[in-house]
1. Among N301, G340, G374, pick out the residue whose Cα is farthest towards the positive end of the charge dipole of segment 244-391, where Lys and Arg carry +1 and Asp and Glu carry -1 on C-beta, about the Cα centre.
2. Ranked by Cβ crowding within 10 angstrom, fewest neighbours first, how are T191, T551 ordered?
3. Taking 8 Å as the Cα distance limit and 6 or more residues as the minimum spacing, I'd like the relative contact order of segment 541-644 as a percentage.
4. Normalise the Cα radius of gyration of segment 244-391 by 2.2 N^0.38 Å (N = residues in it) and let me know the number.
5. Defining a contact as two alpha carbons under 8 Å apart and six or more residues distant in sequence, what relative contact order in percent does the chain show?
6. Can you list the trypsin sites (Lys or Arg not before Pro) in segment 94-123 that are in a DSSP coil and have 12 or fewer other beta carbons within 10 angstrom?
7. About its Cα centre, what dipole magnitude does segment 541-644 give when the only charges are +1 on Lys and Arg Cβ and -1 on Asp and Glu Cβ, stated in debye to the nearest 20?
8. Where does the Debye-calculated log10 I(q)/I(0) of segment 422-570 sit at q = 0.15, 0.16, 0.21 Å⁻¹, using only Cα point scatterers of equal weight, no solvent?
Amino acid sequence: MALQNNAPADGKLHLSPLLSDGMILQRNAAVKLWGRSEPGTLLTVTFCSREYKTKADPAGNWQVIMDPMEPGGPWEMVIGCGNEEYRIKNVLVGDVWVLSGQSNIELPIRRTLDLFAEEVRDARNPFIREFAVPMRYDFHAPRTELTGGQWKEVTPENVLDFGAVGYFFATALYDQYQIPIGLIRSAVGGTPIQAWLSEEALAKAGDPRDREVLAKCRDDDYIQRTIAAETKAIEGWYRRLNAGDEGYNNGELPWARPSFDDSEWPVFTVPNSWAGSELAGVNGAVWFRKEFAVPGDILDNEALLRLGTIIDADQAYLNGVLVGETGYKYPPRKYPVPKGVLRAGKNLLAVRVISNRGTGGFVRGKRYLLEAGGYTIDLSGPWRYKIGVQMEPTPGSTFFHYFPTGLYNGMIAPLFQYVIRGVLWYQGESNTGSPENYRALLAALVNSWRENWGLGEFPFLYVQLPNFVPATVDLEESNWALLREEQRLALALPNTAMVVTIDAGEDNDLHPQDKKTVGHRLALAARKVAYGEDLIHQGPMFARMEVRDETAVISFTSVGGGLVAKGGGPLGGFELCGADRKFCRAEAEIRGEQVIVRCSRVKRPFGIRYAWTNNPAEANLYNKEDLPASPFEAYISTDTHDPKI
């Protein structure tokens, strides 16, 4: 029989969900297999014409260390346990990578289809597989096993659920090396780095308040009481919302009906924030209605309603029919419209927006339209609106999976027996509120994971924060820039690489769709760090700063074929300061492999920074390999005139 998801067979054999049909084992390594059976049971593992024997200890635990293997497959593994045989089918040998962090590495392919729908529509590759680790936190101790999960290969049916970064990373590596690539995705949206740190690592690098939170969370009754009380309060809020919403009217939905007269309602321009309008600060339910015309020749086609991104939740009704709803602000609203809903001539779209807290709105820069049969009907512009009910902000929720150590214990520790090639890490957005200690926290995480996996200094490749929020012409103090700098400085850790993505984000979306650029740059870093290729794997990296008269001369590593200003224009994004540390915008030009920076307001440069803003749209320094330079900040020591960074 084939074993799946740690299912026991007659109570005799228990395997990790990782050791199941479709698994990929690490090539050229002493791979460990482990499990539980009845104490004293003799077990025989047969794989690739090799046989391994072991015996369960008095507690029922057993393990086998296999000989290193070349990549290949698929093969079948047979485990003899007493008088039974158990089979694990479709096993490959290749390279295994763990992917961890928050939502941008968790984000599935289905959230990137505006860019990659055609590319993944018929995707099929049996040699690329992913195992999605179920979300589980534990504040008591590291867990030894996962609670579920299964290996899936790239097929048109599965690919939409693959993590997008991992998928593009794996396809790039497979195209280069033609070896199986296994992805173990252990990530949870919104999580700070502290959730992924062991208790020991947290003690070394964390804030003492983190340890206080951890101690409090060890009270299981406290967690359950908190969850129950908050759930009750939120459910009560929504009951009162629905009961008080004149447009909802206990589910009768009078304001969703095309026949309803909204001619006396005021006008709101979509897309737009509610800030500065009558709706500023309104929490509760607000209804928006838009009448539009549909030509009759598109009615036989499937239609898609795009409503950009809405803050916070929404329900969309076309001609009185609910066609889609989303419960929180981040996902793009893309609602398929069933045939028969649209009508030739006038149609009525009603959107019930629920603002939980803060300021609601329709996010600018997104698409608000209806697509069908080659037609695109623009839905932006004037809409009618009315407040259905105004409420106090939604009661708060405690996200316990954000708290220190919980996800390390529940989602990382159970992986330590599985031999891997390396780790991809994409996290940081949730630490921008307090970025100053991120370098130490990341170093503690890397060192702790390497120590507990026991595989030496395996490659650890990570993603620097992308550009985000609308660009500004004003200089600003930026927590995103500070955290990017902490990430850059963490490159002092051995066998690491950082992918720069300040050109791959979206100013109006925390979850940019271009995960292909991110995945391919990670693959380029892997080719250098993990596979030893002689290539330029990153953009220009700050090396040193010299002051010559009134100019700063900046040298870089990873120059590659040469420095360029992408787009052909002047270099942008550089700032200089004097000893007063007041930065001013500076002019910059490329001279050979250096950049010369000057500012008429700074006669004696003391410090420099580049791309130092949330969204460094002007930053255009690249190498000829088309890789962007990393943001950086550096100062001249008052004693030695050497860079102090």
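1. So the residue furthest toward the plus end is G374.
2. Details: T191 27, T551 19.
Lowest count first: T551, T191.
3. The normalised contact order for segment 541-644 reaches 31 percent.
4. That works out to 0.98 for segment 244-391.
5. 13
6. Loop-located and lightly packed - R121.
7. Values: 14 positive and 14 negative charges, 51 e Å.
Charge dipole of segment 541-644: 240 debye, to the nearest 20.
8. Per q value, in the given order, log10 I(q)/I(0) is -0.92, -1.04, -1.55.
Throughout, read-outs are computed from the coordinates displayed, never taken from laboratory work. Just so it is clear, the structure is predicted and the values come from calculations on it, not from any experiment. Backbone-built Cβ (ideal geometry, glycine too); neighbour counts: all protein chains shown.
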